[in-house]
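Peer 1: My questions all concern the structure below.
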Amino acid sequence: MEVEKKATTVEEVRGVVEEEKKEETAASDVSLKELSKKLDDFAKERDWEMYHAPRNLLLAMIAEVGELSELFMWKGEVAKGLPGWKESEKEHLGEELSDVLLYLIRLSDMCGVDLGDAATRKIVKNAVKYPAPSKST
């Protein structure tokens, strides 16, 4: 996020944080293609493209999956909605899930795979392979 003026007081910092939260809410409907474009721009701006070979991205994603796994370690079964988790834990979970997603998107791009299309086709294949049970009344 670009901020034209640096926040120097607690009130200004709070204002920046609130603005970021609004942007996060607006970003909840972002598409895979939009994320892909943002990741591509991010890498180009930093001249990181040379490091984004498929193998490197895969290994980085696996490392992030490990960090994600650590959040669930020793918690036993966790119910939907994560009851009992602190907000800070849920926020950390969101960050780790995002890391995995972003590496997956970048990996699929570097491999020339349209992830949205591939996922849609996979859901169709799974529906054929695992048909829903027929409902008898």
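Peer 1: Go through (1) in contact with a helix residue (DSSP H, G or I) (Cβ under 9 Å, 6 or more places away or on another chain); (2) surrounded by fewer than 10 Cβ atoms within 10 Å (Cβ to Cβ) for Glu87 and report which single condition fails.
Peer 2: All conditions pass for Glu87, except number (1).
Peer 1: Would you pick out the residues in the range 60-117 that are small (Gly, Ala, Ser) and over 18 Å from Ser31 (Cβ atoms)?
Peer 2: Residues of the range 60-117 that are small (Gly, Ala, Ser), as a first pass: 60, 63, 66, 69, 76, 79, 81, 84, 88, 94, 98, 108, 112, 116.
Residues satisfying the conditions are Ala60, Ala63, Gly66, Ser69, Gly76, Ala79, Gly81, Gly84, Ser88, Gly94, Gly112.
Condition check ((1) acidic (Asp, Glu); (2) open to solvent by less than 80 Å² (accessible area, probe 1.4 Å); (3) assigned to a loop (DSSP other than H, G, I, E, B)) across all residues:
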| site | (1), (2), (3) |
| --- | --- |
| Ala63 | no, yes, no |
| Glu91 | yes, no, no |
| Leu102 | no, yes, no |
| Val124 | no, no, no |
| Val128 | no, no, no |
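Peer 1: If you don't mind, another one. With out of contact with any helix residue (DSSP H, G or I) (no Cβ under 8 Å at 6 or more places or on another chain), within 24 Å of Lys37 (Cα to Cα) and either of a type in the set (Asp, Glu) or open to solvent by less than 70 Å² (accessible area, probe 1.4 Å) (or both) as the only criterion, which of Ser98, Ser69 stands out?
Peer 2: Working: Ser69 fails: within 24 Å of Lys37 (Cα to Cα).
Matching residue, one of Ser98, Ser69: Ser98.
Peer 1: Here is a follow-up. Please tell me if Leu58 is in a helix (DSSP H, G or I) and aliphatic (A, V, I, L, M).
Peer 2: Values: in a helix (DSSP H, G or I): yes; aliphatic (A, V, I, L, M): yes.
Yes, satisfied.
The values are calculated or read from the model by the stated rules, or taken from the named source; none is laboratory data. Predicted, not measured: the structure shown is a model, and the values here were computed from it. Reconstructed Cβ throughout: ideal geometry from the backbone, glycine too, with neighbour counts over all protein chains shown. These area figures cover heavy atoms from the full protein model, side chains too; ligands, DNA and RNA do not enter into them. Shrake-Rupley method; radii C 1.70, N 1.55, O 1.52, S 1.80 Å.
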